[in-house]
Amino acid sequence: MGAQLEIQLIAAVVAIACAIPGVFLVLRKMSLISDAISHSILPGIVLGFLITHDLNSPWLILLATITGVITVVLVEAIQKTGLVKEDTAIGLVFPALFSIGVILIAKNANDVHLDVDAVLLGELAFAPFDRLLVAGTDIGPKSLWVMGSILLVTIGLLFAFFKELKVSTFDAGLSSVLGFSPVVMHYGLMSISSVTVVGAFDAVGAVLVVALMIAPAATAYLLTSDLKKMLMLSVIFGVTAAVAGYWMAHLLDASISGSMTTMLGLVFLMVYLFAPNKGIIAVMYRQRQQRTEVSLLTFLLHLNNHTEESERHINHLNEHINWQKVRSRTVLELAQKNNMITISNSIVTLTKKGKEFTDLALEYIVTNKDEKIEPMKDDFFLFRG
Amino acid sequence: MEGSKIAVQVDDLTVAYNYKPVLWDIDLTIPEGVLMAIVGPNGAGKSTLIKAILGIIDPIAGSVAIYNEPYEKQRKKVAYVPQKGSVDWDFPTTALDVVMMGTYGKLGWIKRPGKKEKKAALEALEKVGMLSFKGRQISQLSGGQQQRVFLARALVQDAAIYFMDEPFQGVDATTEIAIINILKELRKANKTVIVVHHDLQTVPEYFDWVTFLNVKKIATGPVKDIFNDDNLTKTYGINYKVAVNQ
């Protein structure tokens, strides 16, 4: 296997391993916690490195994971005092721990390949150089094995505890009543997130790890209202951005982790603009349609209220409802398209369908009962809430 | 209710937030088969009482028994409807899926819901008149519909005791009637239903048992005996004139 392919494979495995816990972090509104963990595990990593002198040692991963969980505990303890809010607590805890790590590196690890740059940005390009030897045989890059193992554990846990994760994320109270302790689920998720961050750290660094956790999930969230699909989409976005980022770095001769993060941002931007329901363009289109439909309804109600011909003349409508010509034309066309009105000799008349629609809409406005307008939701944005 | 079993027994329950007691030394005996309202002013600890009974919050003193056993042993006998506002309705899931969550308790850890659970969830959705919305994303439901989904989720738990935290909050009149009819059906089936309730006017009409709460327990018993001006005044601190249909 060539170094290029190995790098892409490592990037893809890291992306998947990060995307899965990322979905739950985003849904729990805990995105910032992953940022905190990714920085504050540094002292754990440095301590572990000083003890084991191996960046991929299980001891180092364990120590760093413990530091990650300690971060969460500290944040919650500070928050519980009620003196500061969660974001402030996060802002207090992780720089403190991170700076301890920075000092430890400066004091002790100057002579080894562990520097602050590598910690922040990772060294994916060097990952293939660190090989795993079993009985003298080279079986591939070490970080691929480490991340692959973490990914397998993550997937195993996801399959085993999917329903527990779902219910405790959606409704912690119910989860507790059903016997699935939200505290256990919370710290389980925090531990797995910490392990993932530690494992991915060496490859992609503290900054990109956050992006790989949060951006794919945030992107998927815009596209689906199904948790399983959200997980799958996150994985797809993560892998796509990771591989595309690698090639972008290759073409531009730039940092791999920087390019991957850029791709993640680009993917999010595209979805943010073009997502069919929640995308900005769709929302703008919907708002415009709703404006027209409100006008249509006003117009139909006016017709409904006035049987006299003078009130139903096209020109009169312009003056009466006080609209500009363009708007009147749009509304008239929409009403005609839906067979709600007929126009003869410039006199507008409600059709049977138009009358029924108006009555239903009126009833809805008066009673605010949603059932009345269920069938109308398919045709009209206005009633989709 | 003489001679009937005791569904919930609360002894000397005290709950504090940051060392400030929000519930003081509550003793409460709830007989089986009552439809009970918990009433009291804002901050009286009504939701806290339910949460402490269900072990969602740890009390600093006191004990709770569900049919003479600690709550942990009786989980499967209890269903819970939290306040609608306590969850994020933008969560990526459907009405049916939320109702399915009610079946998770009986399944236990790891085991997944199957056909049987889905069938039960669909039946519960039908009971609350929400079957046609089963595939709807929950943020696309109106407030009343969301509350019905929560109720369906509790029904699917098929419990002996139902705890509900303000199920009538923010629902229209039709939904309120639909919900109360289902609660009355539950009582007919000898289930015990405990509801945190705000609208004092409807207490005599909806409930047969009532607990007045304001940090301390003021009174508890049959509505016809204790739902009077005296207790209302003690609970709310001002002279409450409410017409009580005796």
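Under the condition of being within 11 Å of chain B (Cβ to nearest Cβ) and touching a helix residue (DSSP H, G or I) at 6+ places or on another chain (Cβ under 8 Å), which residue from the range A:190-227 is modelled with the lowest pLDDT?
Of everything passing the filter in the range A:190-227, A:Ser225 is modelled with the lowest pLDDT.
Can you go through B:Ala79, B:Ala65, B:Ala121 and tell me which one is more than 16 Å from A:Asp171 (Cβ to Cβ) and among the hydrophobic types (A, V, I, L, M, F, W, C)?
Being more than 16 Å from A:Asp171 (Cβ to Cβ) and among the hydrophobic types (A, V, I, L, M, F, W, C) holds for just one of B:Ala79, B:Ala65, B:Ala121, which is B:Ala65.
Within the range A:147-202, which residues are closer than 16 Å to A:Pro58 by Cα and of a type in the set (A, V, I, L, M)?
A:Met147, A:Ile150, A:Leu151, A:Leu152, A:Val153, A:Ile192, A:Val195, A:Val197, A:Val198, A:Ala200
Among B:Asp199, B:Asp208, which is the only one that is farther than 14 Å from B:Phe163 by Cα, of a type in the set (D, E, K, R) and touching a helix residue (DSSP H, G or I) at 6+ places or on another chain (Cβ under 7 Å)?
B:Asp208
Anything in the range B:65-84 that is touching a residue at least 40 places away in the same chain (Cβ under 8 Å) and either out of contact with any strand residue (DSSP E or B) (no Cβ under 7 Å at 6 or more places or on another chain) or buried (at least 21 other Cβ atoms within 10 Å of the Cβ) (or both)? List them, or say none.
B:Ile66, B:Asn68, B:Lys76, B:Val78, B:Ala79, B:Tyr80, B:Val81, B:Pro82, B:Lys84
Is there a residue in the range A:57-66 that is at pLDDT 85 or above, of a type in the set (Gly, Ala, Ser), farther than 17 Å from A:Gly188 by Cα and surrounded by 17 or more Cβ atoms within 10 Å (Cβ to Cβ)?
No.
Condition first: farther than 16 Å from B:Ile30 by Cα and surrounded by 24 or more Cβ atoms within 10 Å (Cβ to Cβ). Now tell me which residues in the range B:183-194 satisfy that.
none
May I ask you to say which residue of A:Ala118, A:Ala127 is touching a strand residue (DSSP E or B) at 6+ places or on another chain (Cβ under 7 Å) and in contact (Cβ under 8 Å) with a residue 24 or more places away in the chain?
Only one candidate qualifies: A:Ala127.
Quick one: count up the residues across the range A:134-189 that are facing chain B (nearest Cβ under 8 Å) and of a type in the set (Phe, Trp, Tyr).
4
Considering only residues of the range A:228-281 that are crowded, with 19+ Cβ neighbours inside 10 Å and within 14 Å of chain B (Cβ to nearest Cβ), which is nearest to A:Ile10 (Cα to Cα)?
Taking the candidates together, the pick is A:Ser234.
Is the range A:281-302 home to any residue that is in contact with an Asp or Glu (Cβ under 9 Å, 6 or more places away or on another chain) and not small (Gly, Ala, Ser)?
yes
Can you go through B:Ile194, B:Ile182, B:Ile226 and tell me which one is hydrophobic (A, V, I, L, M, F, W, C) and within 14 Å of chain A (Cβ to nearest Cβ)?
The match here is B:Ile194.
Mind listing just one residue for me: the one in the range B:134-182 that is modelled with pLDDT of 95 or more and of a type in the set (Phe, Trp, Tyr) and, of those, surrounded by the most Cβ atoms within 10 Å (Cβ to Cβ)?
Per the criteria, the residue is B:Phe150.
Give the residues of the range B:103-159 that are within 11 Å of chain A (Cβ to nearest Cβ), without any contact (Cβ under 8 Å) to a residue 24 or more places away in the chain and of a type in the set (A, V, I, L, M, F, W, C), sorted by residue number.
Residues satisfying the conditions are B:Leu107, B:Trp109, B:Ile110.
Only one of (1) of a type in the set (D, E, K, R); (2) more than 23 Å from A:Pro43 (Cα to Cα); (3) modelled with pLDDT of 90 or more fails for A:Glu76. Which number is that?
(2)
Quick test of your reading of the structure: A:Ile192 fulfils all but one of (1) touching a residue at least 40 places away in the same chain (Cβ under 8 Å); (2) within 30 Å of B:Phe163 (Cβ to Cβ). Name the failing condition by number.
Looking at each condition in turn, A:Ile192 falls short on (2).
Any residue that is touching a helix residue (DSSP H, G or I) at 6+ places or on another chain (Cβ under 6 Å) and of a type in the set (Lys, Arg) - is there at least one of those in the range B:148-162?
Yes, there is a match, as at least one residue in the range B:148-162 is touching a helix residue (DSSP H, G or I) at 6+ places or on another chain (Cβ under 6 Å) and of a type in the set (Lys, Arg).
Exactly one of these conditions fails for B:Glu32: (1) charged (D, E, K, R); (2) over 17 Å from the mean Cα position of the chain (by Cα); (3) more than 12 Å from every other protein chain (Cβ to nearest Cβ). Give me its number.
Against the list (1) charged (D, E, K, R); (2) over 17 Å from the mean Cα position of the chain (by Cα); (3) more than 12 Å from every other protein chain (Cβ to nearest Cβ), B:Glu32 comes up short only on (2).
Could you please give the count of residues in the range A:172-193 that are assigned to a helix (DSSP H, G or I), small (Gly, Ala, Ser) and more than 19 Å from the chain's Cα centre (by Cα)?
Qualifying residue count for the region: 6.
The values are calculated or read from the model by the stated rules, or taken from the named source; none is laboratory data. What you are looking at is a predicted structure, and each value in this text was computed from that prediction instead of being measured. Cβ sites come from the backbone with ideal geometry, for glycine too, and all protein chains shown count toward neighbours.
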